[in-house]
Every structure is written in C-alpha cells, then in structure tokens.
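See structure below.
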Amino acid sequence: MTASKGNDMAFSNAYVQRVYDQVVQRDGDQKEFLQAVREVFETLEPVVEAHPEYEANGVLERMVEPERAIKFRVAWVDDQGKVQVNRGYRIQFNSAIGPYKGGLRFHPTVTESVVKFLGFEQILKNSLTGLPMGGAKGGSDFDPKGKSDAEVMRFCQAFMTELNRHIGQFTDVPAGDINVGGREIGYLFGQYKRLRNEHSGVLTGKGLEFGGSLIRTEATGYGLCYYVQNALQSLRQDSFQGKTVAISGSGNVAIFAIEKAQQLGATVVTASDSNGYIYDPNGIQLDVVKDIKLAHRGRIKEYADRVPGSEYHEGCSGVWTVKCDIALPCATQNEIDEESAKTLVVNGCTVVCEGANMPSTPEAIEVYKANHVLYGPAKAANAGGVAVSGLEMSQNSLRLSWTREEVDDRLKGIMKTIVDNSLAAAKEYGHEGDLMMGANIAGFTKVADAMVAQGIL
C-alpha cells in the first residue's frame, strides 16, 4: 500500500478504499476525524482480507458512522450577569461491547471533528482494556481557565441539564478529559443527581467521598509508564532505569507519568503547558510542578523562578528539541510533527509512547517507523485512564471500594495484557513487533466480531 499526505489514500483493499472514500465525501471538512480513520484503516487491510464476513456485514461502514451524534446549546450566566453561550457535544460512537464510555473535554478547540476523532479512537482503546465498554466522547468549547468556581459550576449545571437525558450507568458513562477534573466532575454529577433523583455510577472520576476510585487521577500517567515498561521488556529486554525522559504537558497525565517514570528509575527533564516548556537537567522536582498546577492552577514558567538551574522557554514544541532516550507526549493532538520527530531521532530518542490522544502526525509516525523507534500509539499506551474508569464502574456496581494496591495491580495487569495482545495480533498478521499495527488489529477484531454477532444495527 502506498499513501500520500493529506486525505487522498491509495489502499490495496477495495473495500477499505471504498469506505474511506465515503468518509471523505461525507466528512471531508473534519480533518482530525479523517486523520484518525486513515491511521486505523492503514493497518486493517490484512484483517479485512482474512475476514470476508466483515465486508458482508458492513462492519467498516458502520464503525466510522456514530450510532448517535448529539450537539446542543449551553447557555449560562457569568459573574457579571452576562449571558454566555457555548456548544456542547456527545458522540456515542459504538456500543457493541458495552455501554458508551469516554471523556468530556472543555477547551476552545473542541469541535465536532475533534470529538469524533476522540470517540473513534475510544472504540478501540476501550476494547483493548478487555473491559465491557463501548466508545464515546464529548465536551464543549467552554474554557474553564480564568473562570471562577461559581462560573464553572453554572456552566457544568447548564451542560448537564441537556446531557443528562442521553446518559446513564447502563447507557453512557462519561469521564473527564482535558480541563475536566475533579471539580468539574463533581458539579456535573451533582446536577445529574438532582435532575434524575438517583445516585448511580453515571460518571467516573468522581471524588472518593461519593463513589470514585483510588488511582483514577493517576491512572493515565501511571498506565502509560506501565505500558512503556512492558514494551521495553518484551521488545528490548530493557527498562526505564537510567533513561532520560522528555514529557510534554503538565496536567494529570503528564504529572503522574513524571511521578511513575521517576519511581521506575528514569530522569525526567521536561514539562510544558500551552505557553512554553521547562528544562531541568537535574530532573523535574515534581512537588514544585504539583504545587504550581494542582494547587493553584499556575503557569509552568513559575518553575524556573523557583528551581535554580532550570530553564523556561517560550513555545511548547521546543520540548522535542531536548536530548532524551524516551519521549512521552502528554499534551494534545498533533504536537509532534515530522520535523520534531526527526529532531528526536537525531538527538538519540529510541522510544515514543503517547500519553495524549493522537499527538503524532502521520508524517511523524513515518519517521518513527523508518528509524525503528519503539512507538506506542495513544489508544494502547494511554488506555490506563479509561481502564480505571471501568474499574470505578465495577466498584460502583458492587457498592464496594477497592484498596489502592488492588486497583494499581489491576491497572498493571491490564497494561501488560494490552502490550501482549498487541504483539500477538501484529505477529499473527505478519508484522511482528509493530505495536501500532497490533493495537489497531486487537482492538478492532473484538468489536467487529461483536458487531457481526449482533446483526445489522
């Protein structure tokens, strides 16, 4: 198969090509969604050829079309008494293996295309965890930054006033994502409880006092590092010990990836936010980052003012110019482009695993492959967050709370299984050692087989 840049592809399988062309025709203006579909379809051709029942049952056509796409107005009043209007979204993509599951993102960049790409990726990510969860995603172009707690509360209540009619513990269980943390989940849950008069496991990422799970806050970052550790062991008989690690972002994913990488013996030298990045050759002092970001929602540049020997640089993409052995992008989509990927390789980076969703452009991924970089795609590497969300759902259903050790052990087991299943699927289809190919195939086949079994829906 040969591929050109942009949306035009030349697939060798006629069925894959036909469905992709249909996506381009219908959703040609949704560049993030097209990118996600393209990257998955590139790896599915041998699977489709080996399973003619997928074409006969229209599996690909159905998988790229959401079961339900909800778009709504969110009107709320700010502290000055002025009416503000935002857009809300919930894309319920696929429920073949379980109730819809996926986060809510509050950020000015949220569009239908962004929510669709996230929801599409979520189908395969949730499948990889081995837990019974379908794929969904949602959010709003609302930006909590700079807003008072009262404004965030009023927005969340307005958002949930519409969303509540579309979700439920057996239907759709949202969670947090970018800018939707414990504060926002608390307000959303409170409004759902008031409107529906029920206390259920309808949202995950809840506070420990009202049904949340231990390790949930840390889960994506910890899970990312467990994934890397298992991949290094399986493919290179190696580990984090003694490695220099560059990490982007400074939210929950980045913070707890830094924490776990340090615990596993690595030196993490970078963190970033939307304005710029810090470089600390002595290793990031995590207590300082936590104080800046978690305690008072400050900017990462404050770190350089507080830690002697560290540097702050404007422009967040510069984080990928820092020499490292392992790169863990944990900020946002498409943060590593072709040039950044080449710089990483030149500087000695041999491992890139994704904590953010789709942080590498297709051109960057080609650079990884050409230079034999160990590449862990987001849908596999950052699945720890939704895995523990699934464990929170289980605890809510059982009316139990597991210990920190129990949840962490289950998370470790899930991330190891994801690596093992990805490598097994890649080997089965003649691409031994290809974690990206393996993740897409392993996640897809489980959902596809369920779709076939349940008939044309």
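The values are calculated or read from the model by the stated rules, or taken from the named source; none is laboratory data. Predicted model, so just to flag it, every value in this text is computed and none were measured. Positions of Cβ are generated from backbone atoms using ideal geometry, with glycine treated the same way; all protein chains shown enter the neighbour counts. Protein only, heavy atoms only, side chains kept; ligands, DNA and RNA dropped before computing areas. Shrake-Rupley method; radii C 1.70, N 1.55, O 1.52, S 1.80 Å.
Full extension of the segment from LYS145 to GLU338, taken as 0.36 nm per residue of separation minus the current Cα-Cα distance, would add 66.4 nm.
Using just the helices of the chain, give the 222 nm mean residue ellipticity in deg cm²/dmol: DSSP H runs with n ≥ 4 each add -39,500 (n - 2.57), and the total is spread over all residues, rounded to 500. Don't skip to the end; give the middle numbers.
Details: 17 runs with 214 residues, N = 457.
The helix contribution divided over the chain gives -14500 deg cm²/dmol.
Cross-link list LYS125/LYS416; LYS243/LYS369; LYS145/LYS301; LYS290/LYS416; LYS147/LYS301; LYS293/LYS412: which exceed 18 angstrom alpha carbon to alpha carbon? Exceeds cut-off: LYS243/LYS369; LYS290/LYS416; LYS147/LYS301; LYS293/LYS412. Go ahead and collect, in residue order, the members of region 143-179 whose backbone nitrogen is under 16 Å from a label point 7 Å along the Cα-Cβ direction of ARG87. Answer for this model: 143. The calculated FRET efficiency for the pair ALA370 and ALA56, based on their C-beta separation and a Förster distance of 41 Å, comes to about 0.65.
What a 1.4 Å probe finds exposed on region 200-307 is 43% carbon and sulfur by accessible area, rounded to a whole percent.
With all protein chains present, how much of the accessible area of region 36-141 (probe radius 1.4 Å) comes from carbon and sulfur, to the nearest whole percent?
The computed percentage sits at 48.
Look at where the Cα atoms of region 140-195 and of region 439-457 average out, and the two centres are 31 Å apart.
Taking each residue as 0.36 nm, the span from GLU432 to VAL346 lengthens on full extension beyond its C-alpha to C-alpha distance by 28.4 nm. Label positions at ASP449 and SER397, each projected 7 Å from the Cα along the C-beta direction, are separated by 2.0 nm.
Each part reduced to its alpha carbon centroid, region 310-358 and region 14-67 end up 30 Å apart.
State the dimensionless ratio Rg/Rh of region 14-64 (Rg: radius of gyration of Cα atoms; Rh: Kirkwood radius). Each step should come with its number before you reach the end.
Working: Rg = 10.7 Å, Rh = 11.1 Å.
Rounded to two decimals, Rg/Rh equals 0.96.
Distance from the alpha carbon centroid of region 71-107 to that of region 361-389 works out to 27 angstrom.
Along the chain, the longest continuous region that contains none of the trypsin sites (Lys or Arg not before Pro) in a DSSP loop with at most 15 other C-beta atoms within 10 Å is 146-296. Taking all protein chains as shown and a probe of 1.4 angstrom, TYR303 keeps an accessible surface of around 0 Å². Extension gain for the segment LEU208 to SER12, taken as residue separation times 0.36 nm less the Cα-Cα distance, is 65.5 nm to one decimal. Run the paramagnetic zone check for ASN275: 7 angstrom along Cα to Cβ, then residues of region 134-157 with backbone nitrogen under 17 Å. Once the point is set 7 Å along Cα→Cβ of ASN275, 144-147 turn out to lie under 17 Å by backbone N, inside region 134-157. On the beta carbon distance between ARG73 and LYS31, with R0 = 25 Å, the FRET formula returns roughly 0.55. Surface analysis of the chain yields an accessible area of 39 Å² per residue, using protein heavy atoms and a 1.4 Å probe.
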